[in-house]
Every structure is written in C-alpha cells, then in structure tokens.
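To start, the structure itself, in structure tokens.
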Amino acid sequence: MKKGGGNSDRNENKSRKFGVHISIENKKMRKNMQRLGGNGGGLSLESFANAKTRSGSYNPSLIKKQREFYRNAKHLRKYKKTLKHLEQENIPSATIRPYEKRNEAERGDRDHVSRQNKKNTHSTRSLQQLCEKKREEDEKARADREAAIQAKKREIQQVEARRRVLKEKMYKKTKSGQPVMKYRIEHLLETIQGSTS
C-alpha cells in the first residue's frame with residue numbers, strides 16, 4: 001500500500017460496483033459531443049448557430065404578452081356587449097318594418113340624421129340618469145359607512161373611559177402604600193353578578 005495513494009483494487013471494485021452509473025454518464029457525454037459537432041475540432045458552424053435555438057422552449061415574456069392580449073380582448077368584448085345592451089334598452093319595443101326602411105332610404109339622410117340625434121339625446125339622458133342614480137347610491141353607502149365608523153369610535157371611547165376609571169380605582173393606595181380593597185371588592189362583586197345574570 002502506497003503512502004497518500006489509494007489501492008488500485010479499491011478503484012476497480014468501485015468501478016465494478018458503479019459500472020452502470022459510469023456507462024450512463026459516458027453515453028450522455030457521447031450524445032452531447034455528437035450534438036455539438038463530433039469528437040474533434042469543436043463545434044461546426046451549423047451546430048453553433050442552432051445550439052441555443054429551440055422551437056418549443058419556455059419563454060415567459062411571450063406568455064405574458066399572450067395573456068395580456070387575451071385579457072384585453074376579453075375586456076373589449078365585455079365593453080362592446082354592454083354598449084350593445086345599453087343601445088337595446090334605449091330603442092323602443094316597436095321594430096321597423098322592411099317597407100318603412102325603404103321609405104326611410106327614399107326620404108334621405110336628413111331624416112336619418114335627425115332620428116340619430118334623437119336617439120343620441122335619449123341615450124345620453126338615460127346614461128345621465130344612470131350616473132346620477134349610481135352617484136346617489138354611492139353617497140348613501142358612504143354616509144352609512146361614515147355613520148357606522150363614528151358609532152364605533154364613540155363606543156370605543158366610552159369603553160376606554162370606563163377602563164381608565166376602573167384602572168385608577170384599582171391602583172389607589174392608602175397612605176402606607178397598601179391597595180384600597182373597597183374598589184377591588186366592588187369590582188369582584190360586579191363581575192360575579194354579571195356572570196350569574
């Protein structure tokens with residue numbers, strides 16, 4: 001046995017024991033070498049150019065852009081749907097018959113423009129009414145919230161005032177430094193009566 005060196009028999013035993021693992025590593029290395037251009041003179045120009053480009057790779061920025069595109073499309077569809085719904089609400093229930101459409105076309109653009117303006121004024125009025133209703137509802141909700149917050153603040157202040165008074169009574173001491181038992185006993189009696197009733 002040599003000093004500082006290992007036994008050659010031991011190395012052989014290890015290679016026999018882990019022979020499968022070593023051969024797998026060798027196969028991987030051979031595959032990589034073939035992929036990168038063979039054994040000898042390094043990479044070929046074609047393999048160098050295609051080394052990092054893969055068609056099916058994971059690209060987070062591209063995925064983010066696609067998500068944003070689909071989200072925008074979804075919002076746009078929703079917006080168009082609501083506009084269409086609002087227009088349908090504003091149109092009277094009587095539908096225009098085909099012969100009335102022909103007469104409309106014969107009358108000219110002037111009548112069409114005047115009807116369009118009437119529709120627009122009617123739709124703007126209804127939109128204004130909707131906005132006013134929503135504003136009133138928001139103001140009522142805000143006033144209710146503020147009233148609830150004020151009531152809670154008052155309640156908290158009252159509880160804190162009671163605690164302060166109780167704390168002062170509980171910490172009172174006599175001239176000799178002993179605690180005044182009168183207030184402590186009263187407090188105990190109140191808690192007992194509160195728990196029984």
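The values are calculated or read from the model by the stated rules, or taken from the named source; none is laboratory data. Remember, it's a predicted structure, so these values are computed and weren't measured experimentally. Here Cβ is always computed from backbone atoms with ideal geometry, including for glycine, and neighbour counts include all displayed protein chains.
Listing for the model above:
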{"item": "Selection count where residues are touching a helix residue (DSSP H, G or I) at 6+ places or on another chain (Cβ under 7 Å) and modelled with pLDDT of 95 or more, scope segment 118-176", "result": "0"}
{"item": "Positions within segment 54-70 being at pLDDT 90 or above and not hydroxyl-bearing (Ser, Thr, Tyr), in sequence order", "result": "Lys64, Lys65, Gln66, Arg67, Glu68, Phe69"}
{"item": "Output for segment 147-197, where each listed residue is assigned to a loop (DSSP other than H, G, I, E, B) and loosely packed, with under 10 Cβ neighbours inside 10 Å", "result": "Thr174, Lys175, Ser176, Gly177, Gln178, Ser197"}
{"item": "Members of segment 150-170 that are under 42 Å from the mean Cα position of the chain (by Cα) and acidic (Asp, Glu)", "result": "Glu155, Glu160"}
